[in-house]
Each structure stands twice: as C-alpha cells, then as structure tokens.
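To keep things clear, I will list the structure first and then write my remarks on it.
Values quoted throughout were computed directly from the atomic coordinates according to the rules given, and no laboratory measurement underlies them. Since this is a predicted model, take the numbers as computed values, not measurements. With ideal geometry, Cβ positions are generated from the backbone for all residues, glycine too; neighbour counts draw on all protein chains shown.
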Number of protein chains: 2
Amino acid sequence: MKIETVKNSIGREVPVLVPGLGEFAPFAGPYARLEGDYAWTPRLFPRKVAAPSTDKVAESLEEAIRRSGLESGMTISFHHHMRNGDSLVCRVLFLLEKMGIRNITLAPSSLGDCHDCVAEMVRKGVVSRLNTSGVRGEVGRAISGGKFEVPVMIRSHGGRARAIEEGSLHIHAAFLAAPACDRLGNFTGSSGKTACGSMGYAMVDARYADHVIAVTDNLVEYPLAPRISVPQYLVDQVAVVDSIGDPSKIATGATRVTRDPVQLRIAELAFGLIRASGMLKNGCSFQTGGGGPSLAVARYVREYMKERSIRGSYCIGGITGYMADMLREGLFTALFDVQSFDAAVTTSMADNPYHMEVDVSCYANPFNKGCLVNDLDVVVLAALDVDADFNVDVLTGHDGILRGASGGHSDTAAGAKLSVITIPSMRNGVPSIRERVQTVVTPGETVDAIVTERGIAINPRREDLRSAALDAGLPVKDIRQLKAEIEKITGIPDEVKFSGEIVGLVEYRDGTIIDTIRKVL
Amino acid sequence: MKIETVKNSIGREVPVLVPGLGEFAPFAGPYARLEGDYAWTPRLFPRKVAAPSTDKVAESLEEAIRRSGLESGMTISFHHHMRNGDSLVCRVLFLLEKMGIRNITLAPSSLGDCHDCVAEMVRKGVVSRLNTSGVRGEVGRAISGGKFEVPVMIRSHGGRARAIEEGSLHIHAAFLAAPACDRLGNFTGSSGKTACGSMGYAMVDARYADHVIAVTDNLVEYPLAPRISVPQYLVDQVAVVDSIGDPSKIATGATRVTRDPVQLRIAELAFGLIRASGMLKNGCSFQTGGGGPSLAVARYVREYMKERSIRGSYCIGGITGYMADMLREGLFTALFDVQSFDAAVTTSMADNPYHMEVDVSCYANPFNKGCLVNDLDVVVLAALDVDADFNVDVLTGHDGILRGASGGHSDTAAGAKLSVITIPSMRNGVPSIRERVQTVVTPGETVDAIVTERGIAINPRREDLRSAALDAGLPVKDIRQLKAEIEKITGIPDEVKFSGEIVGLVEYRDGTIIDTIRKVL
C-alpha cells in the first residue's frame, strides 16, 4: 500500500491517514501528549444486558463462538501469558475457518514462534488485519513480504492498554486461555496444569471486550479460590477444551544466569553503571527481563543489596523466579507482576501475598492516573539494534524482517529514571550500533545509556550520569567512537533493500506513530 | 415539585420526566429489562491525560479539592464503609462551604446517622441534590419535609453500580476514605487504625469517577502491600488528614446473637423454612445481614451444616465476624466481601486469602455478565414493613419519614433462589404487614416468604415451597390471615397523611422507577 507520509519529530516518515486503519498523529516527542492539553475518552461499547444465567459453560468452543455472535470482519483478542506454549490462537483460527468466518482483525497482546498458523490464516483470508506487540517466524516474514493488505499495527504493552481503554482498539470477542476457571467464569493463571502466573493482559481485555470467553482445560468447582485474576462479572462464557497449551513452553529465555563471557561482561558494566548512578538505595525500584545478561545484572544487584543491607521498594515487569527469590529474601517489599516469565513464579504468586498480580493498564498505560513504570527507578532492557541517536529497534532483524516485540520497552524507557540498554557490540559479525536503526520502537530521548562489552555510551542529555560513570572508572565512550571501534572489526554491512511500501505501523505508547515497517525487497 | 406520573406494573404512580433529573422508564417487572432486548452502554468520560507525577500527595484536603477542579454544580461521591464512624462527608462539605462551592449533587453509596450535617448543607445551598442508598436522622426528615428542590434519588447497591457504569450517575470527584494509603494512591481498608474491611463501593467509584482523591489518616510507605483494594492508577490525589473517622463506630448492628425471644422465634422459623426448602446442601450459597434475627439464623445454619458435614460454596454481602468464623471452620469455600459489618472481619480479610474482597459491580450490578447475587441460593433479609402483595419497604417508617436504606435488598431478593424476609409481626404496637406498603423497594414478585414470630406467609407463586414448609410442620399461613391475626391485637393504625408532592424516587436495580417518596403533611 502506497501511503502519504509526513516527517515526525525524530525524522521518520509516517502516515497521517491509512485506508482501512484511520487517522494518526505523528510522534512529537515522548512526553508531548502527557504534558500538553491532550484529553482522552476511555470508552466502553453498548452491550446487550446479560440475563441472569448459570449456563455460561458452552457445549464446545465452537458453540461458544456461535453464541458470541462473532461475525466476519470483527476483532478478536488473546493474551500471550502461555508464551510459546499457547495453542489457543491457532485452535480458534482453525475453528473460524471451519465456520466460514473471515476477514478477522487479530489483536492478541503478542504473538510468538508458536503462531505460524496465523500466516496460513492470512493466506486463506480468515485473518486480514493484525494488531500485536510482537511477531516472529512465518508471520514476520509474511508481513515484511507484504502479504497483509492493511498495514500491521505494532503497539507497546502500555500502548495497547491505552488503545483498548480509549476504544481505538475495539475488541468484539476476547478468547482468554484460563489455567483454572469455574463455571461462572472466575479464572486465574496461578493454578492448574497449564499455570502461567499473572494474567495481567487478560485482565484488561476482559474488562473492555464486548464478549469474553474463558477457555480452560481445568474447570474447577465453584467458586475458584483464593486467587481470582478475572472475576465472573466480566466473563460471558466458559469453554472447556482438552488443552490450552504446553506448560513446558511457558518459560521464556534463560532461567539460569548466563555463562557467556560477553554477556557477563555486559552485565558487569551495566551493574557498575547502575551502582554509579546512586540509585541502588533503600526504596529503589527495579525492572529487568529474563534473557541475555538480565539475570546476571539481577545477580549483581542482589549481592550488592545483601552486602549493604539495602531494602528496595518493588520490582515490576515480566517476573522471573529469580525475582521471586529476591522478594522472599526481603530485598524488595513487593513484586508487581503483569506477566510471569517462568514456572517458579507460579508458586510464589499463589503463596506469597506480596507477589501481586497487576493488570497491564496499572503496569504501563501512560494515560491513566499513574502507571507503575512512570515511577520506576531503574530498568535494564535488551535490544536488536541501537543507533547513534540512542534510538532502539526491538522489532526488525539485520535482514530487515520483522522478528521481535515492542513489549514494555518504550513504556519503561520513558517512565524510568534510569534506562539502560544492554546489547552485545556485534552478533554474527554484524555490528549492533547503526547510524540509523531500521525501526524505532524506543526513542533515544528516553534512553540513558547503551552498555556493550566494549564500553558504555551515555546519552548526552545525561551529563550527570556520564560524570558519575567516569568517577566510578567505567569505560565510557562517545557513541560514535564506540560505533567506529566495532566497525573496525566488523566492517559496515550492506544496507537491506526496502520498497517504499508500508507494511506496518509502530505506534508509540501515547498513540502517535513513531515509525513504519517497510516491505523488504 | 408537582410532576406528571404514570402507573407502573405494580400499580405505583411514578414520573417519566423529572425536571432537573431527566427521563425515566416505569418499572415493568423485575426481569423485564434483563430478559428483553435492552442494550446498555457502559460509559467513561473524557479525561485530561495524567502527566507522570510522583506528586500526588496534596498539601491539604482543601488544596486537593482546589487541584481537582471541582466547581459548583458538580457531583461528588463517598463510600460508606466507615458506616456510623465516617467523618469525611461532613469534613468535605464544610470545606466546600468555606470555598464557596455550591449546588453540589451529593452521591455517596449511602448515608447514616452520623451525617446530619448534610441537612444543614442543604439549607445553606452547598448541597442541592442527593443520590444515595439510604438516609437517616435529620436528612430523612429534611427530604420527607420537602426541603430538597429536586427529588432525592434512592438506589440499591447494585443499581448504583449500574448507574455509575452506564453513566447516568456521573461522578466528577470521588472522596474515598482510605484506612491505609501510600503516596501514589494505592489504598486498602484492611489495615490501619480505622480499618473497615472491604472497599467494595470505593472500587467502583474509583474506576469511574473523573477525579479520585484518596483521603487518609495513615500514609504508609510505598508500596502498600500486600492487600491493595484500589490501585494507584485509578487515583489522582492523596490527601492526608488527622482522622477519617471513629473506628469504634464502624460496626453495624449486633455482633452477638440476639437473646430477644421474638427474634429468636423468627430465626427458628426462618431456619426451618430454609431447611425445608432443601437448599442447605453441599455447594449452597448464603447471605444474611448483621442485625435482628440474622445472626441467629446464621447460628442455626452453622450448627446444621456441622452436624450434617455440609460444605457450602460461598457467603456474600455485608460480612460479619460470624461469617468469617464459618469460613475458618470450613463450612464455606469462600467469602465474597463487598462491605464488612464488624471489626472481626478486618483480621480475616487481611489474613485469610479465601476471604475475598469484591467490588459492588461484582456483587450486584444486574447488567454486567453475572453478578454474585444472581447465582445466590438463599438470602435472609429484614424489613420495615411488608404488604399483602409481598412488597417490602425498607425506607419509610410508620410515620412516613425516610429512615432506611435500599441497600442490597432488592438486588438479592431478585437474584436469590430463596428470599426470606424476617420481620416481627408488630413494632411498638404497630402491625408490620400492611395492605400496601408506603414505599416499595423490593417488589413482591421477588419475595418468596415472610417470616414473623406468628407464622410464615409464602408467596402464592411458590406453591412448591408452601408444600415443603407444610410437610415440615411449619406454621404456614395465608398472608391476609396472618395480617388479620396481627390486626386483632394491634388494630389498624391511621394512615399517615402525605401531600401529592414527590420528594424522592426509588429506582429499581435496572434503572426503572418502582416507587416515589411523597412529602409528609
């Protein structure tokens, strides 16, 4: 699709009108809408009154779809708490195909490697539009190859919550995988054979979708107790299936600290920077992910806090068993868990009342009255590529193909007082610091430092942090100097060739368009 | 105010248009809107985006009011979880008077004996309209005496949740008393010196009000943990005051089983009827209140369940320490607590994860996807008066003056499979069974039985229940026969004289008008 574009505040060409998607405002700076007079209208849509019924349990998932009134052209959603163990997305899409329902907008909180079926469903016309945080595998190749007629919409986790609440993402039917569910639809992720921990994404979909179907392989006696993630009054139907997924694939990334020397070095430097910033003190708050050097950073933080008897305030984000251990050791007062990254978390969530489940609006919606990321002290984030303006790409690979997820990256970077990007200086001989990243997900204005094993680049906006890092003896380098050093080893790779065709939009957390994804030639 | 009226389905004259309040539909039967094609639109209103801020704590409550943008003519709300210990309503109204803010619509979840200040504020023009579940004391006399220019709107707890969610009750600023609150507005009722248990009403106000101020006398370190009733992302400001109320007055009604022989006899008969109904079996659910014969009924139920090793499903409603004990004994799987009736409950709520806090939409909003009352087995309810059509008045006293509360009465009666009204046959020599109650709150169609110490009247719609009761040897009487027996002792009291002027509307849970309150001459 050829679409007229304008240049946004970071120089990216973005559309203001996309046929089939509507009008958009160009990105104008990470805090422009927050600090201006922008007013928003959270929206719910007209609903048929739910007659008193104890008959929520449908005879089958197919029957539930039929009773929901779902029609061709509507929008359906899923959560991605089952991660690569999810089997519900494909199960529902195959049923829709069978039922002759077509032209669906698919709007899951994210997609992963297990969702190759979506590419097939696009070819068959069952799915025609996609809203998601991330895509991988076949689906990414289909998008980057221009197989969708309407550009795909990529949103951050906080941005998706905002879009749902303001009604720009209007979900007709939400299919919510429920590891334990009772006959009236109370459900939780913290028990059952497919327990996956927090249901933070499902909680928002359940509140705003017109029709909500809890799909479970574990119908428990009424009432589900003691943990209810989504209460019955938000659920229209319960459908029982043999399996909602493979619990062994719920864990994402490493659950043990890496032994890779490059990643350990990055972690050591990242920790050194955090310590030098002076933010690791009583009452500090912290987010780090599950993969790469993240757990290694967490290990350094843990040891440091123990040695100095520091008691932090809270950890948020994708929560790992490692974080649950830190909570148990009293290093933090609480965990706010919007999604759980490994199986160890499930036990903690079920048994430790200080391990608190939060919905994704609480976690990161920038427009509500104070999401958690906005008060965060330190976040450690990974990246696919970064550039000389500190912009971060977590979506497109070196070949230009979509294979990542926006996630909470731009949300936490904008909210945290210190945002640290950890990235190996090169991957398979390709340098990670580019002149200009292919796709901006997180604007450089919200990134404080980029840490590689060859040195730390600090955003010129943060002279205070640069001084502190130098005082601590850390290897601080100008980003162009660091880039040049790396390129001496790798050379400068050829640019990927793109057509002008826009195949995807990257929406910033506030609803403006920060970048586009172009078709790969 | 003289207003044109029409006759509704139970023969009451009700208005379809009230200047200053808008248009209304007459009551057409308890399930008319639920079973028909009525569609509703849950509404949220446009909001200024909340800029990231760690400065939610206002310098004073007055400053918080100023920053909220509250103006004359707007609507403010409060919860009544502090019951007769509440001091926040009067504190805020006196501040509004001082600040010159007038013509306010006051929309608390309920008012009690401690709120005589409201009558003064009506005289002074600070408050001009009132939406509430209940009124007592001075305020009731002011309403019944015609001191409000616009009729007062009385709603049930479920109906208020519905009205807020559909936007017919649009709250500009909610002032929510918070027994424990942190600097970003996370708050709970289950700890602190004024702990009051569940925050079920506050939870809905917080989600839908344009501006939310948590008012606390107990600012705790961030983050509040482990119990959060209302999360920070719904709260705009935190105001710290010396006291939000008197915790010794939070308990309502009796916390010990009555020794009054009349009440014990009523309880015995009510229990006999419940047992005869066959509903006291594994998986049963139950609601009873705190006062009068309620705890005595609960005691019979407790003993019976223990003897027979019956394990029930859940208890709901105003939760007493007695119910918490039954939970601890394993007689029920869970408590769903929308409001707590005595101090013993606070400990249970804090420590027992099976004692679950629910919001009032979950409890009783008839329009959502399945509130708790709609699946309830047995409810035992009190009354001020009943009539030969089984209609129940819980609002007006024998003198015609408003002195009661709609509460969850009509919600539970409509939802429960067995609704039992317990009432002494006479009070101070005045009979309790009237030809026609002054004010219908709960329509007779939803009442199964009326239990007095002189016998049980069973609704002719429940022939099955009548047979079961007779088989159990219970003193079942035709309601007119029972009425006549009582009148033989008491005589028939003179009718109270009313003018035609409408001073209040009684809204049924579905938003239709079931009755009016008239000015007392």
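Tabulated data for the structure shown
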quantity: Packing-based ranking, highest mean first, of B:155-161, A:371-377, B:408-414 given that Cβ atoms within 10 Å are counted; calculated: B:155-161, B:408-414, A:371-377
quantity: Check: chain A dipole with +1 on Lys, Arg Cβ and -1 on Asp, Glu Cβ, in debye; calculated: 320
quantity: Shortest-first nm distances, residue A:145 label point to equivalent points in other copies (7 Å, Cα→Cβ); calculated: 8.2
quantity: Part-to-part distance (alpha-carbon centres) for segment B:273-326 and segment B:64-130, which is given in Å; calculated: 38
quantity: For residues of B:359-371, the mean tally of beta carbons on other chains within 10 Å; calculated: 5
quantity: Average partner coverage of A:224-237, which counts Cβ from other chains inside 10 Å; calculated: 5
quantity: Distances in nm from residue A:470 to the matching label points in the other copies, shortest first (labels 7 Å along Cα to Cβ); calculated: 9.9
quantity: Under 5 Å, built H, 5+ apart or other chain: amide partners of residue B:215; calculated: B:176, B:177, B:178, B:239
quantity: Sequence-separation-based contact order of segment B:358-472, relative, with Cα cut under 8 Å and 6+ spacing, percent; calculated: 27
quantity: Positive-end residue, segment B:8-50 charge dipole about Cα centroid, Cβ charges, pick of B:44, B:19, B:32; calculated: B:44
quantity: Percent RCO, i.e. relative contact order, over chain A, from Cα pairs under 8 Å lying at least 6 residues apart; calculated: 17
quantity: Of A:395, A:75, A:365, farthest towards positive along the dipole that unit charges on Lys, Arg, Asp, Glu beta carbons give chain A; calculated: A:395
quantity: Of A:369/B:98; A:98/B:369; B:56/B:98; A:48/B:48; A:48/B:193; B:56/B:369, those spanning more than 32 Å from alpha-carbon to alpha-carbon; calculated: A:48/B:193; B:56/B:369
quantity: Partnerless Cys - chain A, beta-carbon criterion under 4.7 Å; calculated: A:114, A:181, A:196, A:284, A:315, A:362, A:371
quantity: Cβ-defined net charge surrounding residue A:338, 14 Å radius [Lys, Arg +1; Asp, Glu -1]; calculated: -3
quantity: Under-5 Å amide H pairs with residue A:477, H placed in peptide plane, nonlocal only; calculated: A:456, A:457, A:458
quantity: Protection proxy ranking of B:98-106, B:449-457, A:484-492 - average other beta-carbon atoms within 10 Å, highest first; calculated: B:449-457, B:98-106, A:484-492
quantity: Pseudo-label separations to other copies for residue A:430 - Cα-to-Cβ vector, 7 Å, nm; calculated: 8.5
quantity: For chain A: rounded, prolate or oblate by the Cα gyration tensor [a/c cutoff 1.5]; calculated: oblate
quantity: Helical contribution to [θ] at 222 nm, DSSP H n ≥ 4, -39,500 (n - 2.57), averaged over chain A, rounded to 500; calculated: -7500 deg cm²/dmol
quantity: Positive-end residue of A:288, A:3, A:247, charge dipole of chain A with Cβ unit charges; calculated: A:288
quantity: In Hz, Karplus ³J(HN,Hα) per residue of segment A:99-116 (6.51, -1.76, 1.60; θ = phi - 60°; x = Gly, Pro); calculated: 7, x, 8, 10, 6, 7, 8, 9, 10, x, 5, 6, 10, x, 4, 7, 10, 4
quantity: Shielding score for A:180-189, defined as the mean number of other chain Cβ atoms within 10 Å; calculated: 1
quantity: Relative contact order, percent, segment B:1-75 [alpha-carbon distance under 8 Å, six or more residues apart]; calculated: 16
quantity: Amide H within-cut-off set for residue B:86, under 5 Å, with H built and near neighbours excluded; calculated: B:246
